[in-house]
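> Structure provided below as structure tokens; questions to follow.
The values are calculated or read from the model by the stated rules, or taken from the named source; none is laboratory data. Model, not experiment: these values are computed from the prediction. Cβ sites come from the backbone with ideal geometry, for glycine too, and all protein chains shown count toward neighbours. Side chains are part of the model used for accessible areas, which takes the heavy atoms of the whole protein and leaves out ligands, DNA and RNA. Shrake-Rupley method; radii C 1.70, N 1.55, O 1.52, S 1.80 Å.
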Amino acid sequence: MKYNVRQTGFAAVEMAMVTPFMLLLVGGIIEISQFFQANSILTGVTREGANLVSRTSATAPDDIMNLVSRTTGSLDLSEDGVMYITLVTGQEDDAPYVSEQYRWSGSGLDHTSSAWGQCSSWTNHQCNIDSPLPTLSDFPISLSPNESVYVVEVHYQYSPLSSLFIKSGFVVSDITYL
């Protein structure tokens, strides 16, 4: 005896079970690609800023930071970012010291510098560095006496797409030594 059982609706049930996982997968791919894009933009900004500040002495560091901030495309550094330019100089028989530090006037994020975050007062976005000049014992580059390096860093408050549902976000940073 044969039973003639109709089997309809299986495709709809399978689709209902698979769709949430597929949406999570697609959302994750989009999120990761946006994070990598933001990281790539920040790397380009620090490299271009270091290139400009090391090649010109007539342009103020804040003007350079204003210029490179315009190249960020979809990232709004004036709302969610901050830039620093720090001049580090080597000295004989001691760790290198910070001779100048500048903070971008258009920054919208309160985040300290990774190169040297101990500035207690600022005048026109330049750090008032007290004597004796602060040394950096953990500076990653070995400098000869009187050799100088510009450290350009950008910090950006990244807000993932998931922050629409869950309060989240973190600071993405990039630093270039030149």
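> Determine, yes or no, whether Ala95 is in contact with a Ser or Thr (Cβ under 6 Å, 6 or more places away or on another chain) and either of a type in the set (Phe, Trp, Tyr) or surrounded by 22 or more Cβ atoms within 10 Å (Cβ to Cβ) (or both). Explain how you work it out, then say what you get.
Values: in contact with a Ser or Thr (Cβ under 6 Å, 6 or more places away or on another chain): yes; either of a type in the set (Phe, Trp, Tyr) or surrounded by 22 or more Cβ atoms within 10 Å (Cβ to Cβ) (or both): no.
Here the answer is no, as Ala95 does not meet what is asked.
> Can you name the condition, by its number, that Ser162 falls short on among (1) more than 19 Å from the chain's Cα centre (by Cα); (2) open to solvent by 80 Å² or more (accessible area, probe 1.4 Å); (3) under 30 Å from Glu31 (Cβ atoms)?
The number of the failed condition is (2).
One line per residue, one yes/no per condition, for (1) within 11 Å of Tyr102 (Cα to Cα); (2) touching a Pro at 6+ places or on another chain (Cβ under 9 Å):
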{"residue": "Gly117", "(1), (2)": "no, no"}
{"residue": "Cys127", "(1), (2)": "yes, no"}
{"residue": "Pro134", "(1), (2)": "no, no"}
{"residue": "Glu147", "(1), (2)": "no, yes"}
{"residue": "Val151", "(1), (2)": "yes, no"}
{"residue": "Gln157", "(1), (2)": "no, no"}
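> With respect to Ile64, determine if the residue is among the β-branched types (Val, Ile, Thr), in contact with a helix residue (DSSP H, G or I) (Cβ under 9 Å, 6 or more places away or on another chain) and open to solvent by 60 Å² or more (accessible area, probe 1.4 Å). Outline the logic, then answer.
Details: among the β-branched types (Val, Ile, Thr): yes; in contact with a helix residue (DSSP H, G or I) (Cβ under 9 Å, 6 or more places away or on another chain): yes; open to solvent by 60 Å² or more (accessible area, probe 1.4 Å): no.
Against the criterion (among the β-branched types (Val, Ile, Thr), in contact with a helix residue (DSSP H, G or I) (Cβ under 9 Å, 6 or more places away or on another chain) and open to solvent by 60 Å² or more (accessible area, probe 1.4 Å)), Ile64 does not qualify.
> To continue, here is another question. If Ile175 satisfies all but one of (1) in contact with a Leu (Cβ under 9 Å, 6 or more places away or on another chain); (2) open to solvent by 50 Å² or more (accessible area, probe 1.4 Å), what's the number of the condition it fails?
For Ile175, the exception is condition (1).
> Keeping to the stretch 32-65, report how many residues are in a helix (DSSP H, G or I) and more than 17 Å from Asp174 (Cα to Cα). Give the steps one after another, and end with the answer.
Looking only at the stretch 32-65, we keep the residues that are in a helix (DSSP H, G or I), and these are 32-55, 61-65.
With the extra rule that they be more than 17 Å from Asp174 (Cα to Cα), the set shrinks to 32-33, 54-55, 61-63.
Here the count works out to 7.
> Another question about this same structure. All but one of (1) touching a Phe, Trp or Tyr at 6+ places or on another chain (Cβ under 9 Å); (2) over 19 Å from Asn146 (Cβ atoms) hold for Leu67; state the number of the condition that does not hold.
(1)
> Inside the stretch 125-141, can you point out the residues that are part of a loop (DSSP other than H, G, I, E, B) and either more than 24 Å from the chain's Cα centre (by Cα) or surrounded by 16 or more Cβ atoms within 10 Å (Cβ to Cβ) (or both)? Break it down into steps so the answer makes sense when it comes.
Initially, the stretch 125-141 is screened for residues part of a loop (DSSP other than H, G, I, E, B), giving 125, 128-134, 136-141.
Passing the criteria: His125, Asn128, Ile129, Asp130, Ser131, Pro132, Leu133, Pro134, Leu136, Phe139.
> Taking the conditions exactly as written (part of a loop (DSSP other than H, G, I, E, B) and loosely packed, with under 10 Cβ neighbours inside 10 Å), does Ser114 satisfy them or not? Even if it seems obvious, please write down each step before you answer.
Values: part of a loop (DSSP other than H, G, I, E, B): yes; loosely packed, with under 10 Cβ neighbours inside 10 Å: no.
Answer is no for this residue.
> Which residues, counting only those in the stretch 85-101, are out of contact with any Pro (no Cβ under 7 Å at 6 or more places or on another chain), in contact (Cβ under 8 Å) with a residue 24 or more places away in the chain and not polar (S, T, N, Q)?
At the first step, the residues of the stretch 85-101 found to be out of contact with any Pro (no Cβ under 7 Å at 6 or more places or on another chain) are 86-87, 93-96, 99-101.
Among the residues that remain, those that are also in contact (Cβ under 8 Å) with a residue 24 or more places away in the chain are: 86-87, 94-96, 99-101.
Passing the criteria: Leu87, Asp94, Ala95, Pro96, Glu100.
> If Thr71 satisfies every condition in (1) free of Cβ contacts under 8 Å to residues at least 60 places away in the same chain; (2) assigned to a helix (DSSP H, G or I) but one, which is the exception?
All conditions pass for Thr71, except number (2).
> So, one more: For the stretch 69-96, which residues satisfy the criterion of being of a type in the set (Val, Ile, Thr), within 15 Å of His155 (Cα to Cα) and modelled with pLDDT of 95 or more?
Val82, Ile85, Thr86
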